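Data first, discussion second: the structure below is written as C-alpha cells.
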Amino acid sequence: MEGNNKAYVVVILVQAIYSAMFILSKAAFDHGMNNFIFVFYRQAFATVVLIPAAFFFERKTAPPLSFVTLCQMFLISLFGITLSLDINGIALVYTSPTLASAIANSLPVITFILALLLRIETLKVKTGPGIAKLIGVVACLGGVVILAFYKGPQWKIHHQLIGYHKSQQNHAPSSSGSWIKGCFLQLLSIFFWGLWIVLQTFVIKNYPSKLLFTTLQCFLSTIQSFVIAIAVERDMEQWKLGWNIGLFAVAYCGIVVSGITFYLQSWVVEKKGAVFLAMSNPLSLIITLFASAILLGKIITLGSILGGLALVLGLYCVLWGKSREQMSRASLDLEQASR
C-alpha cells in the first residue's frame, strides 16, 4: 500500500478509536462506574504503557528536568488532562457520545481563539483567510448553541446490540436542563484541552523530549486524578474493577487511546501534516453518531446533526484560513530569499 493511501487508512483508524472511546466511556458510566475513578484508572493504565517506551527511546537523550519545568508540567497536566477529562466524564453522564464527539470538532477553533488572546496567532479581518477564520469562530459558537438548545425531530433504533440497564446511581435524568448543563461542560472540557495545547508549546521548548514529556504529564495526571477521585468517592467498593465494561473501557482508553493513538497521530503529522489530521476529525462524529445509535440505542436528533455540521463548518473555515496564511507566508519568504 502506498504512503498516501496508508495515511488515509490510519486517520480513519484514529477517528474510529476516538469514537469507540466516547461510546465505551458512556457505557461504563451508565453501568454505574464513577467517572472520577474512571479517569484515575485510565491515566494509570496510560502511564504504565508509556513509561517503558519513554525509558527505551529517550532515556539517553532526555535533558535534565528543572523544578520550574516540572511545576509547569504539573499545572498544564492539571488543567489540560485531569480537569479536562474529569469534566468530560461529568458531561458524558448528562449527554451522549455523539455530542461529545461533535463538540470535539471545536477544539481547533477554541485553540485558535486562545492563541489569539495570547498573541500567538493574528486575525486580519480585511483579508480572505482572516474572514474565513472569523466565520469559523462564529460557526463554532452557533453549533454549540444549536447542540445545547435545539433538539428537533428524533430518530431511534429500538433494537440495540449492547443491551443493558442503566444504573440509577450514575444515570442523570434526560431533562433539557441536564442536557444544556452537559453541553456547556463538554465545551469547558474542550476549552481546557485547547489551553493545554497552547501552553505546552511554551513548556516543550525547555523540555523537547516529546515522549518523556507526555509520560511525565500522564504520571502527574494520575496523581492529580487520584486525589480528586478519593475526595469525591470514599466507598472502596466503587474502586474495585470487575470483569465488565468498566474494566474494558479503562484498559481501552489507557492503552489504545493514550498509547497506540499517540504514535499513530505522530506518524500522520509527520507524513501529511497537522492540518490533514485535524481535517479528519469529523469522521469521528459520523462514526459515533451511527455507532451509538446501533450499539447503545441512543436517540439521533436533528439538532445534533445540524449542530455537528456547524462545528465542522467552523473547523474547516479556520483550517482553510490558517493554511492560506501559511502558504502566503511561505511564498513571501521564498520571494525574499530569491532576491
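The values are calculated or read from the model by the stated rules, or taken from the named source; none is laboratory data. Just so we're clear, the structure is a prediction, and the values are computed from it rather than from any experiment. Positions of Cβ are backbone-derived with ideal geometry, glycine not excepted, and every protein chain shown enters the neighbour counts. These area figures cover heavy atoms from the full protein model, side chains too; ligands, DNA and RNA do not enter into them. Shrake-Rupley method; radii C 1.70, N 1.55, O 1.52, S 1.80 Å.
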Subject >> Residues within segment 59-106 that are out of contact with any Ser or Thr (no Cβ under 7 Å at 6 or more places or on another chain), surrounded by fewer than 23 Cβ atoms within 10 Å (Cβ to Cβ) and farther than 18 Å from Trp196 by Cα, tallied >> reply: 8
Subject >> Residue satisfying condition, being in contact (Cβ under 8 Å) with a residue 24 or more places away in the chain and within 18 Å of Ala27 (Cβ to Cβ), within set Gly246, Gly303, Gly242, Gly307 >> reply: Gly246
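Would you confirm whether any residue within segment 17-28 is over 22 Å from the mean Cα position of the chain (by Cα) and open to solvent by 10 Å² or more (accessible area, probe 1.4 Å)? Walk me through how you get there before you give the answer.
Taking segment 17-28 as the starting set, the residues that turn out to be over 22 Å from the mean Cα position of the chain (by Cα) are none.
No, every residue in segment 17-28 fails to be over 22 Å from the mean Cα position of the chain (by Cα) and open to solvent by 10 Å² or more (accessible area, probe 1.4 Å).
Here's the yes/no breakdown for (1) out of contact with any Ser or Thr (no Cβ under 9 Å at 6 or more places or on another chain); (2) assigned to a helix (DSSP H, G or I):
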position	(1), (2)
Lys6	yes, yes
Ile12	no, yes
Ile17	no, yes
Ala20	no, yes
Met33	no, no
Phe40	no, yes
Gln43	no, yes
Pro52	yes, yes
Phe56	yes, yes
Original post:
So is Glu237 of a type in the set (D, E, K, R), surrounded by fewer than 15 Cβ atoms within 10 Å (Cβ to Cβ), more than 16 Å from the chain's Cα centre (by Cα) and at pLDDT below 85 or not?
Top reply: yes
Original post:
Is it true that Gly246 is part of a helix (DSSP H, G or I) and touching a Lys or Arg at 6+ places or on another chain (Cβ under 6 Å)?
Top reply: no
